[in-house]
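Below is one structure; the comments refer to it alone.
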Amino acid sequence: MILLQTLKNSQITDHEILQLMIPQEKVAHVQSNHPLDHALLVLIKSGYTAIPVLDPEYKVQGQVGKAQILDSILGMERIEMDRLHDYSVSDVMTEKVPRMKQDETFGKALMLSINHPFVCIEDEDRSFIGIMTRRSILALIHRHLEKI
Ligand code: 4BW
């Protein structure tokens, strides 16, 4: 209880958030105008279930996952793979993606990670700088627990 209160109230410093964050250049992502076959390729090659969707200026637009893509090409009797090139990411992506600024509290990251596997981190210009994953949040809590 005390630990949770401490974690919730603690301000994530720039230093800490940089340690927790997977930086933008290591995050698999797509753009909303990319064709779905490209997005599926990125998802399969990266091995992730869902990844951020960015615009050309590296602003977060949403997220897209394998399930949404496969659902969009599900015909009555078969998966219609040939339709993959007819759709773009914007046709199936969701704009609902958790996001926060790098100077917000750890409590917010913790709360968002309950329902979301990753949180997009933005700078003061709202440009995408990376993601904080549930794994990195749990790892920080584990480090705090070990110290007690
Ligand atoms: O390729 C992988 N390498 C490693 N080391 N772990 C992986 C990999 N793929 C999955 N995992 C593990 C992680 O523990 O499975 C968890 C769930 O993956 P997900 O959601 O369903 O693809 C992973 O948990 P996590 O590290 O806390 O990551 C949570 C979610 O964040 C992932 C994925 O949607 C996103 N993500 C993580 N790293 C990413 C990424 N998206 C794009 N690029 C990255 N580098």
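The values are calculated or read from the model by the stated rules, or taken from the named source; none is laboratory data. Just so we're clear, the structure is a prediction, and the values are computed from it rather than from any experiment. When we count neighbours, we look across all protein chains shown, and the Cβ atoms used for this are built from the backbone with ideal geometry, even at glycine. These accessible areas exclude ligands, DNA and RNA; they are computed on the full protein's heavy atoms, side chains included. Shrake-Rupley method; radii C 1.70, N 1.55, O 1.52, S 1.80 Å.
Which is farthest toward the positive dipole end of the chain among Gln63, Tyr87, Leu145, measuring Cα position about the Cα centre, with Cβ charges +1 (Lys, Arg) and -1 (Asp, Glu)?
Leu145
With +1 assigned to the C-beta of every Lys and Arg and -1 to the C-beta of every Asp and Glu, and no other charges, what is the dipole magnitude of the range 10-148 about the Cα centre in debye, to the nearest 20?
600 debye
Using just the Cα positions, wrap the chain in a convex hull and report its mean projected area in square nanometres, one decimal place.
Numbers: hull surface 40.4 nm².
Average projection, Cα convex hull of the chain: 10.1 nm².
Once neighbouring chains are kept in place and the probe is 1.4 Å, which whole percent of the accessible area of the chain is contributed by carbon and sulfur? Please report the intermediate quantities before stating the final value.
On the way: 5010 of 9070 Å².
Within the chain, the accessible surface is 55 percent carbon and sulfur.
Considering the options Ile129, Met111, Ile22, tell which one lies farthest towards the positive end of the dipole of the chain, charges being +1 on Lys and Arg and -1 on Asp and Glu at the Cβ, about the Cα centre.
Met111
Considering only protein heavy atoms, what per residue accessible area in square angstrom results for the range 2-147 with a 1.4 angstrom probe? Display every interim value, and only then the final one.
Values: 8750 Å² over 146 residues.
Per residue, the range 2-147 has an accessible area of 60 Å².
Cα centroid distance between the range 78-112 and the range 25-43, in Å?
Spelled out, the Cα-based centre of one part sits 11 Å from the other.
Can you tell me how much longer the chain between Lys66 and Asp86 gets when fully stretched, taken as 0.36 nm per residue apart minus their C-alpha distance, in nm with one decimal? Intermediate results must be reported in sequence, preceding the final value.
Details: separation 20, 0.36 × 20 = 7.20 nm, distance 1.65 nm.
Gain on extension, Lys66 to Asp86, equals 5.6 nm.
Counting DSSP beta bridges in the chain, what percent are antiparallel, to the nearest 5? Can you show the working numbers first?
On the way: 17 of 22 bridges.
Taking every DSSP beta bridge with both residues in the chain, the antiparallel ones total about 75 percent.
Compute the relative contact order of the range 84-129 as a whole-number percentage, counting only Cα pairs closer than 8 Å that sit 6 or more residues apart in sequence.
Working: 33 pairs, mean separation 16.3, N = 46.
Reported relative contact order: 35 percent.
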